[in-house]
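Peer 1: Below are the structure tokens for one structure; questions will follow.
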Amino acid sequence: MTIKIDVKFLVGLLVGAVVVGGLVFLLVGGDDGGGDPKHTGSTGPAGAGTAPGGGSADGDEGDDGKGGGAQPGAALTLPVPAGEGKIECPKPTRTVTDAASLEAAVKGAQPGDVIKMNAGRYEGKFVAQTSGTEQQPIFLCGDKDAVIDGGGPKKGYAFHLNKADYWRLIGFTVQNSQKGVMGDTTNGSIIQGLEVHDIGDEAVHLRNFSTGNTVQYNKLYNTGLRREKFGEGVYLGSAESNWTENSGGKPDKSDNNVVRGNVIRATAEAIDVKEGTTGGKILNNVFDGSATGGDKHNDSWVDVKGNNYLIQGNKGTKTPVDGFQTHEIRPGMGKGNVFRGNTIDLAGGKGVGINDTKGGNTIACDNKVTGGPLTTKGKCG
């Protein structure tokens, strides 16, 4: 019998062992940061870390991550690439100027609403729990001078799509929270043109059966300020170790999500595709791996543990080991993925461009790599 273990999860177990009075207690955690703080229906500055269905935030939220957090870095100056699929904000139906008015607008949003954030600082943690429709999505728009500030990198989500479908988050800045933008069971939403930085863990996370969403043309950087090893740029799905908490013990089928045209500098993977997800696209992103390596297992720009993804047209520089990796966390997962037309500069990395660890994926010969070989086997197809 072969037992497959997510290495990050195993390390989390070992690190989380606490000895008290001669007894050993395991503080269980996985790639999600050992479990995430959740919210109920409250929004805005009073939004707290309680689960959407009730209950309290888990203990990891209270862990200040001393010794495990990155130091804030410089702003990310790489330009966001041009590309298809960008959307424009319609004429606003409501304009907000402070945290209280933003809270009220988000809480009362209805299909077709267009909420404009004027320039300014919006302090708090905001939760959307109403849905738009495919024909009438809900827009929340601003420019980079409209800043949602979560109050600190150790707790909470700055903006939480909690069972809220067909939202459009466009153009503003998100900073200073444990997680930047969290999507729980959100479908058909678009996160575009945001600048998400100075975040405790990951910048953008779609999980708990979040499907058909697009994360595009954002700048994501200075992650991992609380725990470097949990500082992903974009995180799709949930680690197997968190399925009980996040998806009722079943694989978190956060499927058919598109991550396109983002510029990412993260302490963990720029994009982490979790086991149990399928059918997404990772297209035309730009990766700066100069901050990667907050944990010895964060050694590539992209980890693909899901199935049937297209990974195409991405460009990356600087990596501790590999450009891209696949992993089979459970039998049959991490298979059927296609890598095509990526440009990989290993820049001193010790590995390969695309490390297909267990096989079962397609690595096209039009992937370009400098500073090392394309694959471990020296073959493409």
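Values quoted throughout were computed directly from the atomic coordinates according to the rules given, and no laboratory measurement underlies them. Because the structure is a prediction, the values reported are computed rather than measured. Every residue, glycine among them, receives a Cβ derived from its backbone with ideal geometry; neighbour counts consider all protein chains shown.
Peer 1: Stretched out fully, how many nm does the piece from GLN110 to GLN71 gain, at 0.36 nm a residue minus the Cα gap?
Peer 2: That pair, GLN110 and GLN71, stretches by 10.1 nm at full extension.
Peer 1: Right, something else. If you plug each phi of the stretch 347-356 into the Karplus form 6.51 cos²θ - 1.76 cosθ + 1.60 with θ = phi - 60°, what whole-Hz ³J(HN,Hα) values come out, in order, with x for Gly and Pro?
Peer 2: 6, x, x, 8, x, 10, x, 10, 9, 8
Peer 1: What is the fewest-to-most order of HIS205, HIS297 by other Cβ atoms lying within 10 Å of their Cβ?
Peer 2: HIS297, HIS205
Peer 1: Using Cβ contacts closer than 10 Å as the measure, can you line up ASP149, ASP252, ASP98 from fewest to most?
Peer 2: ASP98, ASP149, ASP252
Peer 1: OK, next. Under a plain spin-label model, where a point goes 7 Å from the Cα along Cα-to-Cβ, how far apart in nm are VAL338 and ASP98?
Peer 2: 5.4
Peer 1: Amide H neighbours of GLU123 under 5 Å, at least 5 residues apart or on other chains, H built in the peptide plane: list them.
Peer 2: Amide H neighbours of GLU123, under 5 Å, 5+ apart: ALA99, ASP149.
Peer 1: Going by the alpha-carbon gyration tensor, a ≥ b ≥ c the square roots of its eigenvalues, is the stretch 119-245 rounded (a/c under 1.5) or, if a/c is not under 1.5, prolate (a/b greater than b/c) versus oblate?
Peer 2: Taking the square roots of the gyration eigenvalues as a ≥ b ≥ c, the stretch 119-245 is oblate.
Peer 1: Using θ = phi - 60° and the Karplus relation 6.51 cos²θ - 1.76 cosθ + 1.60, list the HN-Hα couplings for the stretch 164-172 in order, rounded to whole Hz, with x at every Gly or Pro.
Peer 2: Using θ = phi - 60°, the values come out as 10, 9, 6, 9, 10, 9, 10, x, 8 Hz.
Peer 1: Can you list the lysines whose alpha carbon is less than 21 Å from that of LYS377, not counting same-chain residues fewer than 8 positions off?
Peer 2: List returned: LYS305, LYS335, LYS350, LYS358, LYS368.
Peer 1: Label points 7 Å out from Cα along the Cβ direction at ASP366 and LYS379: separation in nm?
Peer 2: 2.2
Peer 1: Would you please classify the overall shape of the stretch 260-336 from the alpha carbon gyration tensor, given that a ≥ b ≥ c denote the square roots of the eigenvalues, rounded means a/c under 1.5, and beyond that prolate means a/b larger than b/c while oblate covers the rest?
Peer 2: oblate
Peer 1: To continue, here is another question. Once R0 is set to 25 Å, what does the formula 1/(1 + (r/R0)^6) return for the Cβ-Cβ distance between LYS250 and THR133, expressed as a FRET efficiency to the nearest 0.05?
Peer 2: 0.40
Peer 1: I've got another one for you. Checking the cross-link filter: which lysines have an alpha carbon closer than 18 Å to that of LYS179, excluding same-chain neighbours under 8 positions apart?
Peer 2: Output for LYS179: LYS38, LYS66, LYS125, LYS154, LYS155, LYS163, LYS219, LYS229, LYS274.
Peer 1: Same structure again: Distance between the C-alpha centers of the stretch 97-141 and the stretch 199-272? Whole Å please.
Peer 2: 22
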